[in-house]
Amino acid sequence: METYNIAIDGPAGAGKSTIARLVARALGFIYVDTGAMYRAVTWKVLQEDRLPIQESVVADVARGMNIELIPHAEGQHVLVDGVDVTKLIRSTTITNHVSEIAAMGEVRSILVARQKQMAAGKGVVMDGRDIGTKVIPDAEVKIYLTASVSQRAERRFKEMQSSGDDSVTLEQLQQDIKRRDQMDQEREISPLVRAHDALLLDSTLMTVPEVVDTILGLCRDKVRGGE
Ligand code: CDP
Ligand code: CDP
């Protein structure tokens, strides 16, 4: 097997972007954070003060905006129509609205079409909620990465504290994670679900390097098996 794609799905805070970025770096693949694309659309809608949020309006915004994901040592930079929104799209306001927007069918079709194009050349590690089921159903390596709610909240809490952000309590983070998990799992279109052929990886008790090594091992097996 020459080049292949890796799909990583799972609930909020499971470590998907951290792991996907490191796996991509180790393999020389392109990393695509699809959550950042839904966040970028949410940012643009709120920026234009297009509330209350209507699906047709959001779809127009999504259709008309350019989203660029630029590889960077610490992840990727996200540009919307040339404006760097990397930090802005991580705000609590965006986090509070993103799952509502991501549940809209028209918005999903627009972004999924772009994501499919990005994966067409292979050599991509893509993370999100519907990558193994809808965006790259033929991905050669599929992972469903999860961890307990308390562990995921604690990881996020530590991450925020180390960046000097004490605006949210551990309790609030737990509530947000539960709420988003529920919305993402129960929505009608492309809900968060493990693809039948995805490896379930529970990282509650695993370190980042352990998860990365497990996935790289799986990739090696696939490559050998595909020769
Ligand atoms: O990093 P975090 O887990 O907070 O979320 P994210 O990956 O940035 O995704 C933000 C939100 O976008 C998720 O809660 C989902 O509602 C939505 N999303 C989606 O519906 N489909 C994707 N492929 C990626 C994200
Ligand atoms: O992308 P997603 O929302 O799934 O999670 P993330 O933003 O990559 O990870 C959330 C936090 O958990 C980051 O600070 C990671 O370094 C940390 N993490 C961890 O401590 N242990 C793991 N096995 C995976 C992630």
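The values are calculated or read from the model by the stated rules, or taken from the named source; none is laboratory data. Being a predicted model, the structure only gives us computed values, none of them experimental. Every residue, glycine among them, receives a Cβ derived from its backbone with ideal geometry; neighbour counts consider all protein chains shown. Keep in mind that these areas ignore ligands, DNA and RNA; they rest on the heavy atoms of the full protein, side chains included. Shrake-Rupley method; radii C 1.70, N 1.55, O 1.52, S 1.80 Å.
Length gained on full extension, Val223 to Leu205: 3.7 nm, using 0.36 nm per residue less the C-alpha separation.
Hey, how many Å between the Cα centroid of segment 27-101 and the Cα centroid of segment 161-192? Measuring centre to centre over Cα atoms gives 17 Å. Ranking Leu173, Asn96, Val208 by how far each Cα lies toward the positive end of the dipole of the chain (charges on Cβ) leaves Val208 at the top. Helix content alone sets the calculated 222 nm mean residue ellipticity of the chain: runs of n ≥ 4 DSSP H residues at -39500 (n - 2.57) each, divided across all residues, give -16000 deg cm²/dmol. Taking a ≥ b ≥ c as the square roots of the Cα gyration tensor eigenvalues, with a/c under 1.5 meaning rounded and otherwise prolate when a/b beats b/c, else oblate, which class fits segment 54-147? Taking the square roots of the gyration eigenvalues as a ≥ b ≥ c, segment 54-147 is rounded. The ellipsoid equivalent to the alpha-carbon distribution of segment 124-194 has semi-axes of 27, 15, 10 angstrom, derived from the gyration tensor eigenvalues as √(5λ) and listed largest first.
Multiplying the residue separation of Arg179 and Ser91 by 0.36 nm and removing their Cα-Cα distance gives an extension gain of 30.0 nm.
Assuming R0 = 41 Å, can you tell me the calculated FRET efficiency for the pair Ser163 and Ala26, based on Cβ-Cβ distance, to the nearest 0.05? The calculated FRET efficiency here is 0.95.
Shape class of segment 1-113 from the alpha-carbon gyration tensor: prolate, with a/c at 1.5 or above and a/b greater than b/c.
Evaluate the charge dipole of the chain about its Cα centre and quote only its size in Debye, nearest 20, assuming +1 on the Cβ of each Lys and Arg and -1 on the Cβ of each Asp and Glu. Numbers along the way, then the final one.
On the way: 28 positive and 33 negative charges, 42 e Å.
So the magnitude is around 200 debye.
By definition, a body whose alpha carbon gyration tensor gives a ≥ b ≥ c is oblate when a/c is 1.5 or more and a/b is not larger than b/c, and segment 154-227 fits this oblate description.
Let me check I've understood the local charge: for Glu188, count other residues with C-beta under 14 angstrom from its C-beta, Lys and Arg +1, Asp and Glu -1. What total comes out? Charge balance near Glu188 sits at -2.
Val208: net charge of surrounding residues, Cβ under 15 Å, Lys/Arg +1, Asp/Glu -1, itself excluded? Once all neighbours under 15 Å are counted, the net charge is 0.
Which value, in Å², gives the accessible area per residue of the chain when a 1.4 Å probe is used on the protein heavy atoms? Walk me through the numbers before you get to the answer.
Values: 11150 Å² over 227 residues.
Accessible area per residue, the chain: 49 Å².
Here the label points at Glu154 and Ile189, each 7 Å from Cα along the C-beta direction, are separated by 3.8 nm in the simple model.
Of the cross-linked pairs Lys87/Lys222; Lys178/Lys222; Lys44/Lys222; Lys116/Lys158; Lys16/Lys222, which ones have a Cα-Cα span greater than 29 Å in the structure shown?
Values: Lys87/Lys222 36 Å; Lys178/Lys222 34 Å; Lys44/Lys222 40 Å; Lys116/Lys158 34 Å; Lys16/Lys222 20 Å.
Going by Cα-Cα distance, Lys87/Lys222; Lys178/Lys222; Lys44/Lys222; Lys116/Lys158 fall outside the 29 Å limit.
Modelled spin labels at Glu48 and Arg114, positioned 7 Å past Cα toward Cβ, are 1.3 nm from each other.
Dipole orientation for segment 6-225: of the candidates Ser148, Val223, Gly128, Val223 has the Cα lying most toward the positive pole (charges on Cβ; Lys, Arg +1; Asp, Glu -1).
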